[in-house]
Amino acid sequence: MKYMASLETFKSLSPAEFFYRNREIAGFSNPSRALYQAVRELVENALDATETHGILPIIRVYIDRTSNPMHYVVSVEDNGIGVPPQFVPKAFGQVLFSSKYKLRQTRGMFGLGAKMAILYGQLTTGRPVEIITSPVKSKRVYFFKLMIDIKNNRPIVLEKASWSKKKEWHGTIVTIALEGDWGRAKSRIIEYIKRVALVTPYAEILFKGPDNSYFYYPRVTTKLPRPPREVLPHPYGVDLEAFKMLIASTQESRLEDFLVKSFQGVGKKTAQDLLRKIGLPLDKSPKKLSLDEIKILVEEMKKYERFKPPRADPLSPIGAELIVLGLKQILQPEFVTAITRKPAVYEGHPFIVEVGLAYGGAIESSNEPILYRYANKIPLLYDEKSDVLWKIVNELDWRQYNVSFPAPLAVLIHICSTKIPYKGVGKESIADVPEIEREVRNALREVARKLRSYIQKKQKVEETYRKLTTFVKYLPEVALSLEILSINPETKEKHVDREQLIDKLLKVLSRKISEVKVSRDLINKVIVSIE
Amino acid sequence: MFSTADLRARKRALKIFWDKFNKLIESIINEEEPLLEIPKRTLANTVYDESRKLLLLGTQKLTRRMFDAHEARKFMQTLLMARIIYEALLNDEYPTIRDLYYRGKHTIVYRDHKGRIREENTWDEQKESDSVIRDLEVLLGLLREEMLILSKEKGKVVGYMRIKSGDDIIDLSKMGHGAYAIESTPDLIEFLDVDAEYVLVIEKDAVFQQLHRIGYWKKHKVILVTSAGQPDRATRRFVRRLNEELKLPVYILTDADPYGWYIYSVFKIGSITLSYESERLATPSARFIGVSMTDIFGDPQKGKKPYLTEKERKHYIIKAKPADIKRAKEIINYKWFQTKQWIKEINLFLTKKAKLEIEALASKGLRFLADKYIPEKIAIKDWIE
Ligand SMILES: Nc1ncnc2c1ncn2[C@@H]1O[C@H](COP(=O)(O)OP(=O)(O)O)[C@@H](O)[C@H]1O
Ligand SMILES: [Mg+2]
């Protein structure tokens, strides 16, 4: 065998090119999934631009057909903060450009979503993205038509215009043409919109599909969830790379000050104590740390026990009240409850678990609980069975809580965190993290207990009514019989009247059954006819 | 239009109903819990009265409450039945138990505790309405005949005897080849005159007809009765009256098998299901004339020769079926069958595993049955008490 010397060529890949080649990671694996993902990215940007900034969202989503039956136009409109014109090209034309690289909970976090949709649209239809935007305080409206230069990861602005505002409006409209498959994506997209509406009862959401399918979710409250506050990273949640980035961006010249200023939960005393333990000088310049020193520092920080626990300020839970409202509005159950657990921490990342539970009413019975999963308010629709949340919900012994399947039961679980531990690259299911599992399990038990006492109470009332019905249904028959039996055989006169007897019998009955009111109209309620 | 006997019965029944149910009405007006106390009609509450030789109803009572989930439906049915019987009494009607079933049967359409529309019949089968009629009989101490309720009766009678039924006088010796059908309300019959030595009750209608045709009753001065199978209440009451009022001895002729024995015991001491009527229906002095096991096989102890030859036995005997054996074993446990003679009879049956129909004796020769078997057995007192 003879070896052929081959010439290996080297080149670097632009982020745009990398993500385009690996587009399934971002959810653009086929036309159906891509259409769904594009809607998702644009809707999530719209929500980030509104509620995170204290604005009650109004969101409109349109999907239209084009002359090419494979191509669709997706357009999402919001009343958010808008995008300053100087940032529009990069925000929509440069992969990994974002305003959300901050330690706070938002839906988008990587500067990727909108661009993946634009990139996919551009490559499947050759058409540019169109953006109309007006920032909150701006007097003008800006219009852009742009494409992405994939090789160089740079925006190409094709058209640009602006005009002065005629009415008070701020917000953004993004319109993308892309290859899609509405027939296949339809049910997922509609389900997605419904699930978004479920946790945003403070939003007004309109959806119009290409086949005239139309969904409108009105706003049912003006209460917004508490917005996330940006925080410094916690020492437990920082890895080597993140630590290096903090060093690169710091102004501090002393290690002690760097620790105090760059991290949360680190005071002067703690910083000194930690550094002394490791044996690093307090006034060493952080930029002069060797790689080994950094490694030791990161490791020791993770072991050190005297930091204050991570703060929950960057988190924005939905809140039990809003979950209840959402479940009520969308599912129309007869019973609903929800709880927001206290913040907890895994691997240095704060997280909050929220669980809502809806039962009966318009919910259809099924053989297992209907599960609504959310991560940072984003509905998770795919890979349900591999999700730890699914496992927890189905492992619970529901019979202990007086629920026997098939039952009309829906469970909503929301995990919010500065870092969601996803399973795999698809970001559609939550990984098994003991701390999170424990929180979810406790939350679930707590709401299930409330459901149990509701069901018990209901069963008791039902039982009383059942008993009452057995008596009341015979009442007219008995009263009529007695009326006839009261006829004096000599004079042929009746001695009592059936109405009088019914009243008396009801009185006796109300003495026996004190749990519910026994009154005259009960007869009309129970008896339909006697034939 | 109505006979005076009817009118009297009607008046009496109405009064008993009125008294009973006005008490219930009064308690309801006083806002007391509506309830009825009804003697229990169960085997456990059936007592065999050794001295009077009667099956009687015990003293246990059940309390049927309107506002008891298990009793509510029965309570309603009891009152509904009381009302339609009462209406019939008031309107001078004679309903049958089937009529009462139809009159009371209707549908209550109601909404259940879950809001679903449901339908329920006041009763579904006649079994249910018959059962509340019996409850009313024991509650009121009034037989249904006394409430002028009719039922299909199958008993027949012939003999030298004149009776008054309604306002008609009937001569029971002038019925041609037919016979007088015993009416549903035998208590309303008036006995005018009689010329008879005893009463012979025959289980089988066919054998009754044969004996009638050859003039058995004329020759032997007999009141001939058939129950045509299990005796109904009217036949039992009629026989009882013949015995009690006319002091005529009563002989009963049935098949030689457990069912025949039980028919005899129903005439004699009453039935388990209708024990409350025994006092009026049973004839404690009735005698079982045959066909007995010893008639078939003889009784060496007593030197009794069988009425059948070896060859005839081969011919006429039917092999007992498992159900017959089972029934015999049940019967031997009934207190009222635990006499020396009966134990001997039943044991003989159990060892021979053989039964015989009366028709077999008639086949041997109607004359044999009429001129030898019956008269001889009566003459030598070969019966079982
Ligand atoms: N509807 C919008 N309103 C305001 N800003 C937006 C909107 N859509 C996108 N942006 C801006 O564009 C940036 C990039 O969006 P995207 O590519 O989806 O990444 P990410 O959402 O992860 O930041 C966002 O960080 C945001 O600043
Ligand atoms: Mg985004």
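The values are calculated or read from the model by the stated rules, or taken from the named source; none is laboratory data. If you're wondering where the values come from, they're calculated on a predicted model, not measured in any experiment. Don't worry about glycine lacking a Cβ; one is built from the backbone with ideal geometry, like all the others, and counts go over all protein chains shown. Just the protein is used for accessible areas: all its heavy atoms, side chains included, with ligands, DNA and RNA removed. Shrake-Rupley method; radii C 1.70, N 1.55, O 1.52, S 1.80 Å.
Using the Karplus relation 6.51 cos²θ - 1.76 cosθ + 1.60 with θ = phi - 60°, the per-residue 3J(HN,Hα) values for the stretch A:497-502 come to 10, 5, 4, 4, 5, 4 Hz, with x marking Gly and Pro. Largest first and in whole Å, the equivalent-ellipsoid semi-axes of the stretch B:4-147 read 27, 21, 17, each the square root of five times a Cα gyration tensor eigenvalue.
Rounded is the label for the stretch A:235-303, because the ratio a/c of its alpha-carbon gyration tensor axes (a ≥ b ≥ c) stays below 1.5. For the segment B:112-123, counting C-beta atoms of other chains within 10 Å of every residue's C-beta and taking the mean gives 3.
Counting only other residues whose beta carbon sits under 13 Å from that of A:Q332, what net charge do I get with K and R as +1, D and E as -1?
Working: positive: A:K194, A:K328; negative: A:E334, A:E364.
Counting the neighbours of A:Q332, the net charge comes to 0.
Counts of other chain beta carbons within 10 angstrom of each beta carbon in peptide B:317-328 average 0. The slack between B:K319 and B:E125, meaning 0.36 nm per residue of separation minus the straight C-alpha distance, is 66.1 nm. Using equal-weight Cα scatterers in the Debye expression, the normalised intensity of the protein assembly as shown in log10 at q = 0.05, 0.08, 0.10 Å⁻¹ is -0.60, -0.85, -1.13. Peptide packing for A:358-367, B:348-357 was compared via the average number of neighbouring C-beta atoms within 10 Å per residue; ordered from the highest value, the list is B:348-357, A:358-367. Take the Cα radius of gyration of the stretch B:156-379 and divide it by 2.2 N^0.38 Å, N being the number of residues; the result is 1.02.
Within the accessible area of the stretch A:320-455, the carbon and sulfur atoms contribute 47%, probe 1.4 Å, all protein chains present. A Gaussian network model of chain B, with springs between Cα atoms under 10 Å, assigns the largest mean-square fluctuation among B:E31, B:E279, B:E183 to B:E31. Which shape class, rounded, prolate or oblate, goes with the stretch A:8-125 when its Cα gyration tensor gives a ≥ b ≥ c as root eigenvalues, a/c under 1.5 marks rounded, and past that a/b bigger than b/c marks prolate? Note, shape of the stretch A:8-125 comes out oblate. In the stretch A:461-526, inverting the average of 1/r over every pair of distinct C-alpha atoms gives 12.7 Å as the Kirkwood radius. Can you give the FRET efficiency for A:K167 and A:K308, using 1/(1 + (r/R0)^6), R0 = 56 Å, r = Cβ-Cβ distance, to the nearest 0.05? Efficiency for this residue pair is about 0.70. Shown are A:E204, B:E190, whose ranking by accessible area with a 1.4 Å probe and every protein chain present, most to least, is B:E190, A:E204. In summary, the aspartates and glutamates within cross-link reach of A:K288, defined as a Cα separation below 20 angstrom excluding same-chain residues under 8 places away, comprise A:D239, A:E241, A:E252, A:E256, A:D257, A:E299, A:E300. Placing one equal scatterer on every Cα of the stretch B:293-377 and applying the Debye formula, the log10 ratio I(q)/I(0) at q = 0.16, 0.23, 0.26 Å⁻¹ is -0.70, -1.21, -1.31. Accessible area buried by the pairing of A and B, both sides summed with a 1.4 Å probe, works out to roughly 3800 Å².
Counting only lysines at least 8 places from A:K145 when in the same chain, those with an alpha carbon closer than 25 Å to its own are A:K90, A:K100, A:K115, A:K137, A:K160, A:K165, A:K166, A:K167, A:K208. Distance between the C-alpha centres of the stretch B:14-61 and the stretch B:230-287: 25 Å, rounded to the whole angstrom.
Along the charge dipole of chain A, Cβ charges K/R +1 and D/E -1, which of A:V231, A:F97, A:S12 sits furthest on the positive end? My answer, from the dipole projection, is A:V231. Considering only B:H177, B:G298, B:S165, and ranking their Cα positions along the charge dipole of the stretch B:156-379 that arises from unit charges at the beta-carbon of Lys, Arg, Asp and Glu, the one farthest toward the positive end is B:G298.
Once you average over the residues of A:468-476, how many Cβ atoms of partner chains fall within 10 Å of each Cβ? Please report the intermediate quantities before stating the final value.
Details: counts 3, 6, 10, 7, 3, 10, 13, 3, 2.
So the per-residue partner count for this stretch is 6.
Excluding ligands, DNA and RNA, the accessible surface per residue across the stretch B:156-379 is 42 Å² with a 1.4 Å probe. Taking label positions 7 Å along the Cα-Cβ direction at both B:K340 and A:Q272, the computed distance is 12.3 nm, reported to one decimal.
Hey, how many Å between the Cα centroid of the stretch A:225-266 and the Cα centroid of the stretch A:187-209? Cα centroid to Cα centroid, the span is 37 Å. Taking a straight Cα-Cα cut-off under 21 Å and skipping sequence neighbours fewer than 8 places away in the same chain, the lysines within cross-link reach of B:K305 are B:K314, B:K340, B:K344, B:K352, B:K353, B:K355, B:K364, B:K372, B:K377, B:K381. In nm², what is the average projected area of the convex hull enclosing the Cα atoms of chain B? Spelled out: convex hull of the Cα atoms, projected over all directions, averaged, 22.6 nm².
With N set to the residue count of chain A, report its C-alpha Rg divided by 2.2 N^0.38 Å to two decimal places. Working shown, then result.
On the way: Rg = 31.5 Å, N = 531, 2.2 N^0.38 = 23.9 Å.
Relative to the 2.2 N^0.38 Å estimate, chain A comes out at 1.32.
When you count, for each residue, the other Cβ atoms within 10 Å and take the mean per peptide, how do B:234-244, A:135-145 rank with the highest first?
Values: B:234-244: 23.2, A:135-145: 16.2.
In descending order of packing, they fall as B:234-244, A:135-145.
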